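The values are calculated or read from the model by the stated rules, or taken from the named source; none is laboratory data. This structure is a prediction, so every number in the text was calculated from the model and none was measured. Every residue, glycine among them, receives a Cβ derived from its backbone with ideal geometry; neighbour counts consider all protein chains shown.
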Amino acid sequence: MKVSRQSDYALRVLFALAARYPCEPVSIRQLAEENDVPKRFLEHIMLDLKAQGWVESAPGKKGGYRLAKPPDRIFMGHVVRHFDGLLAPIACVSASGYEPCAQEPVCRFRRVFLDIRNEVTLRMDGASLASVMAGSPVRAEEVFDELMIAGAGI
C-alpha cells in the first residue's frame, strides 16, 4: 500500500490541528508552512476535509481552520480511504473494489495479501488522531533495522 501525497498532506495538517486541539483557528498559510505543504494544494485538501466534517473554518483576519471533532473521533483509515480509495493491496482481496481474477481458486499468495489488507485495515481504522498523538515519532534506527532491510529490497 502506498499513501498518496494528498493523504499524506491531509494527515500532516490534521495532526497539526490535533496537537493544538481545542484551539483558535490556524491560518492556511501557517498550516502550509509548518507542514511543508504547497499552499495551493492545501486549499483543495482543506475543502475536502471540511466537506467530510473533520475540520471547520472561521472567516476573517483571525480566521483559519480547526478540528470540527475531537481527535479521538477522527481515524487515519477514514482519511486515507477518502483520498485514496481502497486500503487493499490488490483488487481481488478488496471488499468494496473487488475485481475477480481467474487465478483465485488456485492462487496461494492471495492469502498473504488478504492478511495484509486485514492488518492494515484494523491498524488504520483503530488509529485515531488522539491515539497516534500519544505515541512517539519513528526513529531512524527503526526504519533502517538490519533485520528488516537485509536483502529485503525495502
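What the table below lists for this structure:
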quantity	calculated
Qualifying residue in region 55-68 (condition: closer than 18 Å to ASP8 by Cα, small (Gly, Ala, Ser) and not assigned by TED's automatic domain parsing to the domain that holds GLU119)	no
Residue match in region 63-76 (condition: out of contact with any Asp or Glu (no Cβ under 9 Å at 6 or more places or on another chain) and hydrophobic (A, V, I, L, M, F, W, C))	yes
Residue, surrounded by the fewest Cβ atoms within 10 Å (Cβ to Cβ), within region 18-53, restricted to residues that are within 14 Å of PRO71 (Cβ to Cβ) and under 14 Å from the mean Cα position of the chain (by Cα)	ALA18
Candidate set from region 55-90 (those that are in contact with a Phe, Trp or Tyr (Cβ under 8 Å, 6 or more places away or on another chain) and assigned to a helix (DSSP H, G or I)); member that is nearest to MET1 (Cα to Cα)	VAL79
Close pairs from region 91-113: first closer than 18 Å to MET1 by Cβ, partner assigned to a loop (DSSP other than H, G, I, E, B) and among the small types (Gly, Ala, Ser), Cβ under 8 Å, at least 6 apart	ALA91/GLY97; SER94/ALA88; ALA95/ALA88; GLY97/GLY85; GLY97/ALA88; PHE113/ALA88
Verdict on LEU49 being at pLDDT below 95 and either assigned to a helix (DSSP H, G or I) or under 30 Å from CYS107 (Cα atoms) (or both)	no
Some residue of region 111-129 being loosely packed, with under 10 Cβ neighbours inside 10 Å and modelled with pLDDT under 95	no
